[in-house]
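A quick write-up on the structure given underneath.
What follows draws every value from the coordinates through simple rules; no lab data is involved. Note that the coordinates shown come from a computational prediction; the quantities given were computed from them, not determined experimentally. Backbone-built Cβ (ideal geometry, glycine too); neighbour counts: all protein chains shown.
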Amino acid sequence: MQAFQDDFRTLAQFGLQADGGVSRLAFSKADQQARSWLIQRMHQLGLQVQLDAAGNLRGRLVGDQPHLPAIATGSHLDSVPNGGHYDGVIGVLAGLEVVRRLRRNGQHLARPVEVINFAAEESSRFGIATLGSKAITGKLTASELEQIHDEQGNSYASLLRQAGGQPEQLQHQRLNRRQLAAFIELHIEQGPVLEQQGCALGLVSAIAAASRFRVRLTGRNDHSGTTPMPLRRDALAAAAEMVLAVEQLARDIQAETVATVGRLSCSPGVMNVVPGSADFCIDLRDSDASRKERLTGQLQSQLQAIARRREIALHIDLLSNEQPVVLDSQLRQRIAAIARRHGQETLSLVSGAGHDAMQLADVVPTALLFVPSCHGISHNSTEQTALADIAQGVDLLYASVVELAQDTGTI
C-alpha cells in the first residue's frame, strides 16, 4: 500500500486548507490540479485515458478479449468546502491500486478493467449531486447541463468545455451494458455503523435518496425598536420555527429518515431591522421511496401552516428528487462469497449518503463497498479512516475485480 499512501499524500495537497481540510469544488483550480495529476498517473500505469462527454475521467486497462464489457471501479475526487481527504478519494486510488497489483502480478484478465473519476459528485458547487454519473447514464441531457449553474452563473457545460470536454457528444457516449459488465465503488461509510459493529467491510444493500428543496419566505422589513412584537412579520423567526419543524418531523419517524437544513440566510441582515425575507434549503433523505413521498407532503403542510399563522408568504421550490436504489443482490452475494473465501467478514447495511453507484445501478450490476469512518465523521476536516481498513477494502476490491474480469459469461 506504499504507492497508495504516496498518491494519497499527493492528492491531499490539491485544495489543502489551513486547518488540514480540503476544498476541491468541481472544476475549481484545485479539482483541475487533481484531475491533471490523475491523468498523468493513469498514463504511467499504462491505461488508455478518456475524458467523456459528462466530464468523467476514465482509465482503461485492455483485457485479453477487449471487445467484452469492462469491469469498472472508481469514485470521485471533488470535495465539499473544507471537507476531508478520504471521501471519494480512496475509491479512485483503490482503482489505481488494483491496476498496479494486476501489473505487478502479471495477471491476465479476459475483460478490460476501468478506473473512473466521476465529475461533480458533490452538490456543493451546482446544488445537484452526482452530475457526472447522472449525465453519462442518460439522466441528464447536454441541454440540461447548459441550464445547471453555480452561484456565480457558470454553467456546468461551460466549465466542462473549459476542462476540455464536449458535452454536445453526450447522447453518443451514454453508458450501457455493451461497455460495462459491472461497477464496484469503494467508499468510506461516512457513518458510525461499521466502527460500532467492529467490522472493517460493509456491503451496501440499498442507497437512500435525497429530496432537496429551497424555501423562500417574504415578510416585512420593520424597525427593530419601534415595531411591537404582535405586529411583526419576521421572516427569519418563521424560518427558525420551520427549521425546528423539519428536524422534529424526521425525529418522529424513528426510521432511516434524516432531514437537514444546511443553509439559511436572511435580509437585510442588519441588527436593527426585522428581517423581511429569509431563504433556506432542506435535504430530506430516506431509503423508502413511499415514506419519503409521504414525509414530503407532511413537511410542506407544516411549513404552510407556520407561514399562514405568521402571515409570511411562502415559496417552496423542488431542487431535486432522487429515488432510493436497491443494489444488485446477485453481485452483492458474489462479493460477500469472495470475501469469505479470503477470510474477510462483511456487514450488510444501507447507505444514508448518495453515491455515484446509485446512478449506475439501473444500467449495470452495481456494488458499493464501505470501510469504516472513524467516529462516523465525514464532510469534515477531521474525517479519517484507518489505513488497515482501507487495505482490507482494496484487497476485497482487487479479488472481486479479478474474479469478475475472468468471467466471460453474464454477470
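So here's what we get for this one:
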{"read-out": "The stretch 149-175 versus the stretch 352-375: alpha-carbon centroid distance in Å", "value": "24 Å"}
{"read-out": "Shape call, the stretch 208-345: gyration tensor on alpha carbons, a/c limit 1.5", "value": "prolate"}
{"read-out": "Burial order of peptide ranges 110-122, 366-378, 292-304 (average beta-carbon count within 10 Å, highest first)", "value": "110-122, 366-378, 292-304"}
{"read-out": "Karplus-derived 3J(HN,Hα), 6.51/-1.76/1.60, for each residue of the stretch 46-53, Hz, glycine and proline x", "value": "x, 8, 7, 9, 9, 9, 7, 5"}
{"read-out": "Structure-derived semi-axes √(5λ) of the Cα gyration tensor in Å: which label, when the choices are [x] 41, 30, 19; [y] 61, 26, 19; [z] 41, 23, 20", "value": "[z]"}
{"read-out": "Residue 203 long-range amide H proximity, modeled H, under 5 Å", "value": "347, 348, 349, 370"}
